[in-house]
Amino acid sequence: MTETGAGRDRLRELLDAVLDEDHRTLEEMAGGAYASPYHFSRQLSRGAGEPPVAMRRRVMLERAAWQLRQGSSVTDAAFAAGYESVEGFSRAFQRAYGEPPGSVPRDAGPHWLPAPNGIHFHPPTSLWVEGTARPAAGEVSALLVEHDLDDTRELLELAKGLDEHAYRDARLPGHAPLGFDGPDESLAQLLGHLVGTKELWLASIEGRDVPPPGADDVPALLERHDAVAPRWLAMVRDVDRRRAWGDRLVDALCEPPESFVLASVLAHVLTYSAHRRLLARHLLGAAAAWPEGDPITWLQRRTGGQP
C-alpha cells in the first residue's frame, strides 16, 4: 500500500471509498475519498491496476457468489450487489462465473474471480489482499510481469514529447527479431509490439477473435496499454493460482493452428518484451534515464527504498 503521510494509507482509503455500501457511482466513490472523479479513477487505476467501477463490480459479484452459497436468494444477492434488476445481475454473474446464479450449489468452489491486484471479497464483510510487497524467489516471474507492464507504460509516457520523425524514423534498419511480427526498426514499431503482443496472446488464451489493428500514436498506445495491462496481469495470476502453467493452448489464430505450453508463452512474451524495452530506451536516448528501467530500482521505488 502507498503511504502518503504518517499512519495514513491513501490506497486503502481509496479502496474503502470504492467498496462503501453507499457508493454506487464513480462520483459517489470520488466524493467519499475527497477527490475529483478523474483524479480518483487515475489514482486507483495506477495504485491497484483496476478502474474503480470495474473493481467494485467484480468484488460485489464475488460477495454475491459467496452469499448464494450461503443460501441467499438470487433477488437478495442481486440488490445487495447494487443491480437494479435481477435480469442484469444474472447476465453479469453468468459472464463472470460461466453459470447462472440460480444454479450455484452450496458446496461450490472458490468465489474469487481473476483480478490484476490480488484484492478480493473475504467473508463476511472484509477484503483479502494477496501479499506482493516482498516477493520470494518463487515469485520472480510475477515480479517480472509487473515490472514489464510498469516499464512499458513509463516508456510510453517518455515518448509523448517526441516529434513525429524521432518517433517513426527507421533508426534500426533491418531489425526484426520475430519475423511473424514484422520489423522493429522504429520506436513506434517497438512500442506498438510491446502493447500488441499482449493483446494477441490474450485473444488466443481467452478464445477471442484476432483483435483489429489499433492506432499506434502514443496517446492511443497508452489507452490500449491501460486496457490490456490489468487483463494480462489477471490472466497470469489466474493461471498461477490454478497451477496451470503446464497446460497447453491450441492457438487457432495461427495458420495452421499450433500448440503452446502456457509457461512458454509467458517466457516468450517476457523475453522479447525485455529486448524491445531496452531498444526503446536506446532510441529514446537521454529522455529515458538509466537505470530507471532496472527491476532493482523499480522494486525499490515500489517498496519505499526497501530491498
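Each value in this text was obtained by applying a stated rule to the coordinates, not by laboratory testing. The structure displayed is predicted, hence computed values, not measured ones. Every residue, glycine among them, receives a Cβ derived from its backbone with ideal geometry; neighbour counts consider all protein chains shown.
Tabulated results
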| item | result |
| --- | --- |
| Label-to-label distance, nm, for residues given as SER259 and SER85 (7 Å Cα→Cβ offset) | 4.5 nm |
| Distance in nm between pseudo-label sites at ALA287 and HIS122 (7 Å out along the Cβ direction from Cα) | 4.3 nm |
| Cα centroid of the range 136-168 to Cα centroid of the range 34-56, whole Å | 21 Å |
| GLU27 versus ASP209: modelled label distance in nm, points set 7 Å from Cα along the beta carbon direction | 3.6 nm |
| The range 137-302: C-alpha gyration tensor shape, a/c 1.5 cut-off, then a/b vs b/c | oblate |
| The range 63-81 residues near the modelled SER103 label - backbone nitrogen below 18 Å, point 7 Å along Cα→Cβ | 65-66, 68-69, 74-75 |
| Listed peptides 38-47, 51-60 by packing density, highest first (mean Cβ within 10 Å) | 51-60, 38-47 |
| Order of GLU206, GLU199, GLU154 under a 10 Å beta carbon neighbour criterion, fewest first | GLU206, GLU154, GLU199 |
